Each structure stands twice: as C-alpha cells, then as structure tokens.
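The values are calculated or read from the model by the stated rules, or taken from the named source; none is laboratory data. This one's a predicted model, so the numbers in the text were calculated from it and none came from an experiment. Cβ atoms come from the backbone with ideal geometry, glycine included; neighbour counts cover every protein chain shown. We work out accessible area using only protein heavy atoms, side chains counted, and drop any ligands, DNA or RNA first. Shrake-Rupley method; radii C 1.70, N 1.55, O 1.52, S 1.80 Å.
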Amino acid sequence: MKLNKTFLGLALAASSLSIYACESKDDLDIASDEPIDETFAVQTEKMLINVDTLYSDLESPWGMTWLPDGKMLLTERKGEILIFENDKFTGQKVQGLPKVHEVNQAGLLDVQAHPNYAQNGWIYISYAKPKGGNKGATTIMRFKLEGNQAVQQEELIETTPEWEGGRHYGSRIVFDKDNYLFFSNGDRGDTPSNAQDLTNSHGKIHRIHDDGRIPSDNPFVNEPNAIKSIWTYGNRNPQGLVYDKANDRVWEAEHGPMGGDELNLIEKGKNYGWPVITYGQNYDGTPITDITEKEGMEQPVTYYVPSIATCGMTIVTSDKYPAWKGDILIGALAKMHINRVDMDGTKALSQEVMLQDIGRVRQVSESPDGYLYAITEGTGLLVKLIPIR
C-alpha cells in the first residue's frame with residue numbers, strides 16, 4: 001500500500017504541536033489563554049482538527065479498547081496485543097494469547113474490555129481459531145490480565161462449521177446496556193448462501209451473555225437446527241459494529257461486493273438480505289441478483305456505490321466534537337479515509353470524506369475521555385484527532 005508521505009509528514013510534525021495546543025483544555029467550551037498552533041491543522045466540513053500521530057509502526061492492526069487505568073490495548077491480526085499508556089507504546093505486549101489462524105482476513109481481530117471491567121477484570125477477544133487443514137473458526141474468548149500475562153482464559157463460543165481459508169471473518173465485539181455481548185461473523189466469501197442459512201453461524205450477528213450462555217429470548221432459540229446465538233442474518237461481511245448507548249441501538253457496517261457496502265440498524269431477528277438483495281455486483285462485473293429490495297428483508301440506512309470497503313466504526317458522543325455529535329464515523333479500507341455519516345436519529349443524511357489517503361482505516365474508536373482515535377493498515381498509524389474548533 002502506497003504511503004501518503006505528505007499527509008504522514010504533516011501528521012508527524014503536528015503531533016508535538018497538537019498536544020501542546022489542546023492539553024490545557026478539557027473541553028472546547030473551556031476558554032484558555034494558551035495559543036493554538038494551527039500550522040498543521042486539517043479543515044473538515046464542520047471542524048478544524050489536528051491529527052496527532054501517536055505510533056507509526058503497526059502491522060495489520062484490527063481493534064482497540066481502553067482499561068480504567070488508562071491503558072489502551074491494540075490488536076494486530078498476526079496474534080499480538082500491544083499495550084499503550086498515556087498515548088505511547090510501552091514496548092510491552094500481552095503474553096500467553098492463543099494461537100490464531102492467520103490467513104488473509106483471519107487472525108486476531110477485535111478486543112473489548114467488559115463494561116464492568118473495574119469490578120470483574122474481563123477482557124474479550126474475537127479471533128480465528130486454527131482447526132487444521134487450513135481451516136479456522138471465529139471464536140470469542142475472555143481472559144484477565146496479571147501484569148502482561150493473559151490468565152483465566154475461557155472460550156465462550158466457537159462458530160460452526162469450521163471453514164477453509166481466511167475470507168470474510170467479520171468480526172467485532174460490542175456490549176449493550178444489559179451486558180449482552182454482540183459479535184459479527186462474515187459469510188466466508190466463497191459461499192454467500194451461508195448468510196441465509198440459520199443452521200450455520202456465518203453471515204450473522206450473534207448475541208450471547210457475557211459468560212457465553214445463550215439468552216433465552218434470542219430470536220431463533222426455539223427453531224429446530226438453528227444456531228441459537230443468531231441475532232440477525234443476511235449480513236455479508238460485517239467488520240463494523242457499535243453500540244449506541246444513548247438510544248439502545250446496535251449499528252453495523254458491512255462490506256458489499258463491488259458496490260453495496262451498507263450501514264445497517266441491527267434489530268432482533270431481522271434478515272438483511274445478502275445475497276438475495278444487494279446494491280453491488282460480482283467483482284468481474286456480472287450481476288449477483290436482479291433485485292435490490294424484497295419483502296421481509298431490511299434495507300440499509302445508507303449504502304455505498306462504488307464501495308469504500310467499510311470497516312470499524314464509532315458514534316461520536318463526546319462534547320469535544322460538538323459539530324459531529326451523534327454522527328457515525330466509519331473506516332474506509334479501499335478508499336483510505338474516514339467516512340462521516342451525518343445522522344438524524346436513525347436517518348442518514350449527508351456524508352463527508354475526511355483525512356483522505358491516511359491509509360486503510362481499520363477502526364475508529366472514541367476513548368473513555370472523549371477523544372477519537374483511528375488505526376490504519378499500510379501506513380501503520382495510530383492517530384488521535386484533536387479538536388481545535
């Protein structure tokens with residue numbers, strides 16, 4: 001992947017300046033006598049920001065989460081979790097993690113701290129578990145940290161059937177207000193019909209208790225032969241998932257084929273259509289289907305033609321970004337930017353392309369103290385978006 005030298009140069013140069021510009025303010029609404037150096041500022045449609053490059057040597061990063069002590073854990077697909085503190089890489093990595101099936105899009109994927117981490121110490125990961133014969137299975141496990149060691153490891157759920165190769169694994173983890181765990185799992189690529197088949201785990205959003213038990217009110221628990229953890233189906237390759245705590249909603253971003261990336265509001269038991277309906281086509285230009293709508297199948301809140309290759313996402317809740325509050329930010333892999341979707345409740349309005357050519361944006365996250373972070377492939381960056389006005 002070609003590195004955008006100009007952008008990276010500006011971002012790196014801005015890093016020392018941007019911290020100085022904003023450390024003296026806890027919020028944009030608090031006045032400060034400190035001057036703000038805007039030399040390397042980036043003007044978006046609604047906000048002026050500095051891009052603080054915190055780290056520039058990531059290798060296929062995937063997910064990140066924060067612990068109450070301020071540490072940030074950041075996964076790399078090859079099977080490692082890097083430990084950051086005070087926005088700096090400590091040089092330490094989590095030890096004792098399980099081996100992963102690292103093939104193509106498969107490997108160590110998302111990481112999330114339990115909402116009650118301060119009380120229970122649980123950290124959750126999604127990863128492709130090796131099954132032999134170049135096969136793997138999306139698996140959710142949890143562990144606790146003793147120093148940098150992953151201990152008390154518990155495997156909670158393994159998707160079935162195991163699959164050869166490494167295409168379309170998903171996979172994100174989010175918790176809702178009741179501490180139910182939702183995770184996404186892709187259709188595995190070579191068999192799109194998986195997404196419509198309730199007897200396998202693929203092409204679905206799943207919901208489990210935080211200890212791996214199946215909730216009794218899941219939509220298909222009483223359907224013979226159905227996978228009991230399924231919450232929704234017809235989801236092609238959902239690499240973005242976020243919980244909107246203020247409104248108790250789960251949002252998902254999924255890859256389409258050539259065209260047809262989707263932003264979806266995820267609701268219990270619903271069918272999101274893949275591969276029966278889609279706004280995309282095969283990579284060779286041939287049609288997948290001749291319909292884009294069908295009764296009983298959900299329409300996306302918005303979709304992308306051509307594809308931007310949607311990935312990790314967040315909802316802006318922080319007062320530090322007043323002009324973006326309530327909007328959804330989605331990482332774009334192929335188009336190498338952050339896509340801001342201007343939201344009005346559950347309606348998607350305009351879109352904005354931000355930080356074009358920063359790299360393949362794998363994830364965008366909001367930290368507990370209200371700052372936005374992004375990680376990129378190719379350019380290998382961890383960046384912090386620091387608001388000016």
Residue pairs, Cβ under 8 Å, 6 or more apart or interchain, first in region 73-87 and touching a residue at least 24 places away in the same chain (Cβ under 8 Å) and farther than 18 Å from Thr379 by Cα, second surrounded by fewer than 20 Cβ atoms within 10 Å (Cβ to Cβ) and of a type in the set (Asp, Glu). List them.
Gly79/Glu102
Residue count, region 147-156, condition over 20 Å from Trp66 (Cα atoms) and either open to solvent by 60 Å² or more (accessible area, probe 1.4 Å) or polar (S, T, N, Q) (or both), comes to 2
Strands (runs of 3 or more DSSP E) contained entirely in region 1-119, each with at least 1 residues that are touching a Pro at 6+ places or on another chain (Cβ under 6 Å), closer than 30 Å to Glu164 by Cα and at pLDDT 95 or above
72-76
Residues of region 322-335 being buried (at least 24 other Cβ atoms within 10 Å of the Cβ) and touching a residue at least 60 places away in the same chain (Cβ under 8 Å), in sequence order, are Trp324, Ile328, Ile330, Gly331
Considering only strands (runs of 3 or more DSSP E) fully contained in region 173-250, which possess at least 1 residues that are farther than 21 Å from Thr310 by Cβ?
173-175, 181-185, 204-208, 230-233
Given the criteria open to solvent by less than 40 Å² (accessible area, probe 1.4 Å) and closer than 23 Å to Gly212 by Cα, does Ile266 qualify?
yes
Looking only at residues in region 269-299 that are closer than 20 Å to His206 by Cβ and out of contact with any helix residue (DSSP H, G or I) (no Cβ under 6 Å at 6 or more places or on another chain), which one is surrounded by the fewest Cβ atoms within 10 Å (Cβ to Cβ)?
Gly269
Give me the pairs: first residue in region 366-380 and closer than 20 Å to Asn50 by Cβ and assigned to a strand (DSSP E or B), second residue at pLDDT 95 or above and among the basic types (Lys, Arg), beta-carbon distance under 7 Å, and six or more apart or on different chains, which are they?
Tyr373/Lys384; Ile375/Arg362; Thr376/Arg360; Thr376/Arg362
Reported set for region 70-93 where residues are closer than 22 Å to Ile386 by Cβ and surrounded by fewer than 17 Cβ atoms within 10 Å (Cβ to Cβ) is Gly70, Lys71, Glu85, Asn86, Lys88, Thr90
Selection from region 43-55 of residues more than 19 Å from Cys311 (Cβ to Cβ), touching a residue at least 40 places away in the same chain (Cβ under 8 Å) and open to solvent by 40 Å² or more (accessible area, probe 1.4 Å) yields Glu45, Lys46
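Kindly indicate whether Ser193 is open to solvent by 10 Å² or more (accessible area, probe 1.4 Å) and among the polar types (S, T, N, Q).
Yes: the conditions hold for Ser193.
Residue-by-condition table, conditions (1) touching a residue at least 40 places away in the same chain (Cβ under 8 Å); (2) among the aliphatic types (A, V, I, L, M); (3) open to solvent by less than 70 Å² (accessible area, probe 1.4 Å):
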position: Tyr117; (1), (2), (3): yes, no, yes
position: Gly121; (1), (2), (3): no, no, yes
position: Ala128; (1), (2), (3): yes, yes, yes
position: Ala137; (1), (2), (3): no, yes, yes
position: Ile140; (1), (2), (3): yes, yes, yes
position: Leu145; (1), (2), (3): yes, yes, yes
position: Glu158; (1), (2), (3): no, no, yes
position: Glu162; (1), (2), (3): no, no, no
Looking at region 306-325 only, could you name the residues that are part of a loop (DSSP other than H, G, I, E, B) and under 19 Å from the mean Cα position of the chain (by Cα)?
Ser307, Ile308, Ala309, Val316, Thr317, Ser318, Trp324, Lys325
Please find, within region 348-389, the residue that is surrounded by the most Cβ atoms within 10 Å (Cβ to Cβ) out of those that are more than 28 Å from Gln299 (Cβ to Cβ) and polar (S, T, N, Q).
Thr376
Out of the residues in region 56-69 that are touching a Lys or Arg at 6+ places or on another chain (Cβ under 9 Å) and open to solvent by less than 10 Å² (accessible area, probe 1.4 Å), which is farthest from Ser350 (Cα to Cα)?
Pro61
Selection status of Asn282, within 30 Å of Ser216 (Cβ to Cβ) and in contact (Cβ under 8 Å) with a residue 24 or more places away in the chain:
no
Are any residues in region 211-248 of a type in the set (A, V, I, L, M) and surrounded by 11 or more Cβ atoms within 10 Å (Cβ to Cβ), and if so, which ones?
Ile214, Val221, Ala226, Ile227, Ile230, Leu241, Val242
